[in-house]
Amino acid sequence: MSIAVLDKAFSILEVLARTGRTLSLAELAEESRLPKPTVHRILRSLRDLGYVTSPGRRGSYALSERLASLREHGRDTVLRARAQPLMRELHARFDETVNLGVLEGIYIRYAHVLETAQALRWIVKPGARDLFHTTALGRAVVAELPVEQQRRLVAKVCATLPSRGRKAACQRLETELAATRARGCALEEEETVAGVACVAVSLAAVGEPLASISVSVPVNRFSPERRTTLIQTLQQLGTAPPGVETRAQA
């Protein structure tokens, strides 16, 4: 027996695929024969997951490239193909562990890892997941999302926190996301794992707004000079125009 909400979600996706153009909420409700509030709720979830975008005018919706990548090659295969040139350059330059993460709901999933050759290291295996707010990878993605989408994700992750101290923790998260956006990269020093620091940047500049890459460094190798160099390098990657090959400067 089918689940009603899945039926409705696929009806909306099928309308977008069939028409092949950007549609308003009213048009989607009419074409799918569903109530506007229902369509709006489903669209918000599909947009948070990256399957629908809101290009151009406010309140318009279209299919994202994520569905095409699932059909043609598999989501992670396409994502790795786009990210690996940048990851390899960062790995070659710094010889530290480089991680690729993708936002899935309120979680960041590790999709690929290039391990450092150095003996002292912290490795997260592909497939592992963390709540986005606990990692530089997750904060780098969410900080660059549209404000409305960012607020929904913050509200969802805050609902998972203990009630005691929740308000202060959520305020700190909002402050950190604002600082991340202003800085152009996310910075996390021994917040998740003692002795490990991470610098991360969204891959929106290369067409993957729900993905990010990070460099993980043991704090004994995270000198002020190296910290500055890593931040500057990741900032450069984050500002490259879409479609332009990005190089980590030597």
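Distance between the C-alpha centres of region 127-204 and region 80-117: 18 Å, rounded to the whole angstrom.
Note on region 4-63: with charges restricted to the Cβ of Lys and Arg (+1) and Asp and Glu (-1), its dipole about the Cα centre is near 200 debye.
Under the classification rounded if a/c is under 1.5, otherwise prolate if a/b is larger than b/c and oblate if not, where does region 4-63 fall, given a ≥ b ≥ c as square roots of the Cα gyration tensor eigenvalues? Because its axes are fairly even, with a/c under 1.5, region 4-63 counts as rounded. With a/c under 1.5 counting as rounded, go ahead and sort region 81-161 into rounded, prolate or oblate using the C-alpha gyration tensor (a ≥ b ≥ c being the square roots of the eigenvalues; past the cut-off, prolate if a/b is larger than b/c, else oblate). Because a/c hits 1.5 or more and a/b exceeds b/c, region 81-161 counts as prolate. If you wrap the tightest convex hull around every Cα atom of the chain and split its volume per residue, you get 151 Å³.
Computed over region 107-250, the Cα gyration tensor eigenvalues convert (square root of 5λ each) into semi-axes of 24, 19, 14 Å, ordered from largest to smallest. Normalising the average separation of contacting C-alpha pairs (under 8 angstrom, six or more residues apart) by the number of residues puts the relative contact order of the chain at 15 percent.
Counting only Cβ charges, +1 for Lys and Arg and -1 for Asp and Glu, the dipole size of region 73-238 around its Cα centre is about 360 debye.
Any read-out appearing in this document is the output of simple, stated calculations on the displayed coordinates, not a laboratory observation. Since we're looking at a predicted model, the values are computed, not measured. Heads up, the Cβs are rebuilt from the backbone with ideal geometry, glycines too, and the neighbour counts pull from every protein chain shown.
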